Structures are given as C-alpha cells and as structure tokens.
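Some notes on the structure that comes next.
The values are calculated or read from the model by the stated rules, or taken from the named source; none is laboratory data. All figures in this text were calculated on a predicted structure; none of them were measured in a lab. Neighbour counts are summed over all protein chains in view; Cβ atoms, including those assigned to glycine, are modelled from backbone coordinates with ideal geometry. Note: areas computed on protein heavy atoms with side chains; ligands, DNA, RNA excluded. Shrake-Rupley method; radii C 1.70, N 1.55, O 1.52, S 1.80 Å.
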Amino acid sequence: MKWTMWHEAAVLSCLFFFLAWPSPAESVQWNCATCKGITDRFAEKYAETEKGGFGGGNTDWEETYLKEYRRSEVRLLEIIEQLCTKDNHACHALVEEHEELLEEWWKKDESPHTNLYKWLCIDHVKACCPNNTWGPSCRDCPVGREKVCSGRGKCDGDGTREGTGACSCDKGYQGALCEQCTVDHYEEYKNTTHVSCKVCHYGCNITCKGPGLENCLGCHTGYNYVQGQGCIDIDECQRETPAPCPQGMYCVNIVGAHKCFQCNEACDECYGPEANECKKCRDNHVLVEGSCEECDPLCKGCTGVGPENCVKCDVGKGADMVEGVCIECARPCHGCNGPGPENCKRCRMGYKQNKEGICEDVDECQSMCRLQHEVCTNTMGGYDCECEEGYKKNPRGDCVMLLKDEVASEVKKVNMFEKYMKPNKHPKKMLTGKLRVEL
Ligand SMILES: *[C@@H]1O[C@H](CO)[C@@H](O)[C@H](O)[C@H]1NC(C)=O
Ligand SMILES: *[C@@H]1O[C@H](CO)[C@@H](O)[C@H](O)[C@H]1NC(C)=O
Ligand SMILES: *[C@@H]1O[C@H](CO)[C@@H](O)[C@H](O)[C@H]1NC(C)=O
C-alpha cells in the first residue's frame, strides 16, 4: 500500500515535470523578461558573494582563498541556486536548460561586467533583441524623423523576440511613424527631425489649425463662431428668452455653459446670492437700497418699510388706512376711521352699533342655544353653548343625560381640570358637549 502511493506520487510528479518544463528537444521561445530577470539577479548575487562569506578578508589565508573563490565553480553554484524565486517556474526552467551556457560564460569571461544580458539573452538564448529591434529575427523598429516611431511612440515588441513592430503612438500623435498629429491636436512645431503636437482649445469642436479659440475649425457647444475672432464663449446669462434660469435663481456664466443658483429667500428674482442683490422682491417685501425688506405686518404690499408705506392694508388682520397709515382697528370693527370701537366703519359680526355709534357685543344668549338642558354663555363677539352638568351632546346635538359611570369619570375630569389648569370661569360647564361659536 505504502509502496503504491509512493509510486503514484513519483509518476505524477514526473508527469508534472514533463508538462511544466519544456522539453529540450524543441526550440523554445524564452520570454525576454524572464531572461533579463535572471541576468539582473545574477549581477545582484555576484555582488553579494563578493566576500566569499568572510567579514573583513585580510589574513593571508583569506586572500588566497578569495582569489581562488572569485571565479570558482563553488561560487557559480551558489549564485545559480539563488537565481530564481521559489514559484518562478519559467525562471527555473530557463536556468535548468541553460546552466551550461552560464558555466561557459563564467569560465570564458574574467570580467563580471561583460554584459551577461547580451551574451545570454540576446546572443545565445535568443529571448531578447537589441534595443530598437523586435521579433524572432530582431528586425528594426520603424524609424521616423530619425528616431524609432519619431520619438513619439513605442515599437511593439521592442527589445524582445515578440511583437508586431508597429508603432503605438503617444497621445496626440498618429501615423505609422507617429509623424502626424491626431485630429484634436495641431502641429505646434515641425522640422525635418521633429514634430510636436498640442491639444486644441476646449472651445473648438474637436479640430483646429492652431492654438486658441481663433484657430478652431468648428465650435464646441456653448461657443459661437464669429468671423475674424473664432469661437466666442456665449454668455447664456445675457439671454432674454428663454430665461437661462428658473424663477428664484440667478445665472453665472462659465466657459461653454452657465449655471443657476438659488436667490436669497427675500428675492423673487436676483443678480446674486445676497439679500441686497435682488432684482424683484418676494411678496410683501420692498426693495430698499438694493435690499429686500419686509413690509409692515399690517400692509398688503408696500413702497417702503413701516405702516405709513403700505399700498393697501391687510383687512384680514383687521387693519385699515387712516390718513395714509395702516392701523389696527378695534376688535368689534370691520374697517375703521381711527382707533377704538367708536371709530368703526361697520361692526364685525357679533357686534352691533349702539346709539352712540359704538360697536357693542350682541348677547346671543337672548336668542340662541334654546334646546333642553343647554346652557348659554355670552362671549365677546360670540357665545358658548354647552350642556348642563350631568348631560352631554349626542351626535344629533341634543343634550342627553350621562350614564352613571360616565358621570363619575366626568366629575373626575372636572376635578383634575380644576386642580391642574388655570382657574376657569365656568368650571362646571367644562363637560363634554361644549360648543363654542365665534363670529
Ligand atoms: C535599452 O533600453 C532599455 C529600456 O529603455 C534601457 O534601460 C537600456 O539602457 C537600453 N540599452 C542600450 C544598450 O541602449
Ligand atoms: C528640429 O527641432 C528640434 C527640436 O527643437 C531640434 O533639436 C533639432 O535640432 C531641429 N532639427 C533641425 C534639422 O532643425
Ligand atoms: C461638431 O462636429 C460634428 C461633426 O462634424 C457635428 O456633427 C456637430 O454638430 C458639431 N457640433 C457643434 C456644436 O457644432
């Protein structure tokens, strides 16, 4: 049993090895970056093993040892062991495959600085190409204006055995050799060896023949073409119709567009955000030195602050105009020629003019509130109509007797009321069924 498992594991790992590591018989296309990584790491480890594991290295014995160690097999193996990180299978495969090349280079070359990269990756492993060449046979990258891709792009596969060799141009450049400007760029400078492109102004509808708004070949939204001037930013805020902003907002022109912002709450229309930038004031406000001020509370519209500047008086608030000033009429009045109940124009409902011309309260209890068990209380301008104690209004409005336990709870309510609330004129009448009529 044990033997079988071990055997299977061995077979599996062999299979894995076979799949993961390319067979030496084929000519493998090694990845340039992998190879370059190895040579970089080689240089690093070469430097690290310089001292051969000794700290100072100044005894005779050490010097002799180091001389032998410098280009020894021991040192090479030490470096090779550390060339790949644990999981880098491609690296392990390449080193395994080409260990002999590394040994060859190690023996033949006395100087560690002779380029291992060129010798190994370009010339022998053929994983990389010299700079500015590409592909399996290291063909030249396209040269424009004396530089690869005119110096304005990269050659695909540059320095490797891969790629297409085509230029991929920097932003703003195009063409097989990156020798032209893209449609949204213009030629800022050009000579036989050099071209430089700059992006067109934002105000252009993409294309232009030079810098600024005057060289646009069409205008972006929010710009108008003006002969001789080019694209000019439209000031949408100057537009009459349709209004650039909705009521209660003001307009700010920005390049190629405009924005609307809320007016101060005192304004209906405005030029800016402050209360003193109103063009038109909100209802019952008046523009005073650029600021919207509230009209006097007795006014309905005004031409200035104070009750003397009302356009009309607010009748709903019981106001009337007396010698150009809005005053608050006495409560019994409906319109007045002055203060007090003796100056009413007419009496309010619930009041009646007496012989002296004064509006007096009408005692409605003389005629109202006559149902059985009803109790009437006259008030200023009105009356209260309630049920007697021990009675309450039913849905039809009649006063009906309270049931026994209802009485108890009502009495309790009254007691609570008397205890906690401010004294009431008619505590006994605070029973349910209260009807207050105000005219
Ligand atoms: C090749 O190009 C690489 C990357 O651009 C650069 O680091 C290297 O110095 C170049 N080599 C030569 C020999 O010019
Ligand atoms: C072209 O312009 C570039 C950049 O200004 C300059 O370095 C180069 O010498 C110029 N070449 C010629 C031939 O004028
Ligand atoms: C910008 O150009 C395109 C293509 O010519 C055109 O369809 C579009 O209407 C232009 N836009 C403006 C705002 O003129």
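Things to note:
- Exactly one residue among 149, 84, 155, 91 is in contact with a helix residue (DSSP H, G or I) (Cβ under 9 Å, 6 or more places away or on another chain) and assigned by TED's automatic domain parsing to the domain that holds residue 190, and that residue is 155.
- Within region 219-253, the set of residues being of a type in the set (Ser, Thr, Tyr) and within 14 Å of ligand 3 (Cβ to nearest atom) comprises 221, 223, 225.
- Residue list for region 154-182, restricted to those being in a strand (DSSP E or B) and among the polar types (S, T, N, Q): 160, 168, 174, 180
- The sole residue among 91, 84, 149 that is closer than 21 Å to residue 50 by Cα and either under 48 Å from the mean Cα position of the chain (by Cα) or within 16 Å of ligand 2 (Cβ to nearest atom) (or both) is 84.
- Within region 133-153, the residues that satisfy the criterion of being outside any loop (DSSP other than H, G, I, E, B) and hydrophobic (A, V, I, L, M, F, W, C) are 134, 143, 148, 149.
- Residue in region 98-113 that is open to solvent by 20 Å² or more (accessible area, probe 1.4 Å), within 16 Å of ligand 1 (Cβ to nearest atom) and under 28 Å from residue 70 (Cα atoms) present: yes
- Only one of the numbered conditions (1) out of contact with any Asp or Glu (no Cβ under 9 Å at 6 or more places or on another chain); (2) modelled with pLDDT of 95 or more is violated by residue 181, and that is (1).
- Listed by first and then second residue, the pairs linking a residue in region 187-215 that is of a type in the set (S, T, N, Q) to a residue that is more than 13 Å from ligand 2 (Cβ to nearest atom), with Cβ atoms under 6 Å apart and 6 or more places separating them unless they lie on different chains, are 205/218; 205/219; 205/220; 207/183; 207/217; 215/208; 215/209.
- Condition check for residue 84 on (1) part of a helix (DSSP H, G or I); (2) out of contact with any Phe, Trp or Tyr (no Cβ under 6 Å at 6 or more places or on another chain); (3) modelled with pLDDT of 95 or more: one failure, at (1).
- Any hit, region 280-295, residues being among the aliphatic types (A, V, I, L, M), in contact with a helix residue (DSSP H, G or I) (Cβ under 7 Å, 6 or more places away or on another chain), free of Cβ contacts under 8 Å to residues at least 60 places away in the same chain and buried (at least 17 other Cβ atoms within 10 Å of the Cβ): no
- Residue in region 309-322 that is open to solvent by 60 Å² or more (accessible area, probe 1.4 Å), part of a loop (DSSP other than H, G, I, E, B) and of a type outside the set (Lys, Arg) present: no
Okay, residues lined up against (1) farther than 20 Å from residue 316 by Cα; (2) crowded, with 16+ Cβ neighbours inside 10 Å; (3) at pLDDT 85 or above:
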site: 340; (1), (2), (3): no, no, yes
site: 343; (1), (2), (3): no, yes, yes
site: 347; (1), (2), (3): no, yes, yes
site: 381; (1), (2), (3): no, yes, no
site: 388; (1), (2), (3): yes, yes, yes
site: 420; (1), (2), (3): yes, no, no
site: 432; (1), (2), (3): yes, no, no
site: 435; (1), (2), (3): yes, no, no
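- Strands (runs of 3 or more DSSP E) lying entirely in region 222-268 (those with 3 or more residues that are open to solvent by less than 70 Å² (accessible area, probe 1.4 Å), touching a residue at least 12 places away in the same chain (Cβ under 8 Å) and not β-branched (Val, Ile, Thr)): 230-233, 249-254, 257-262
- Out of 360, 356, sole residue that is within 30 Å of residue 324 (Cα to Cα), open to solvent by 70 Å² or more (accessible area, probe 1.4 Å), assigned to a loop (DSSP other than H, G, I, E, B) and modelled with pLDDT of 85 or more: 356
- Single unsatisfied condition, residue 159 versus (1) within 13 Å of ligand 1 (Cβ to nearest atom); (2) farther than 26 Å from residue 100 by Cα: (2)
- Any chance residue 218 is small (Gly, Ala, Ser), outside the structural domain of residue 184 (by TED's automatic domain parsing) and open to solvent by 40 Å² or more (accessible area, probe 1.4 Å): no
- Selection count where residues are within 30 Å of residue 141 (Cβ to Cβ), part of a strand (DSSP E or B), away from ligand 2 (no atom under 16 Å from the Cβ) and of a type in the set (A, V, I, L, M, F, W, C), scope region 183-220: 1
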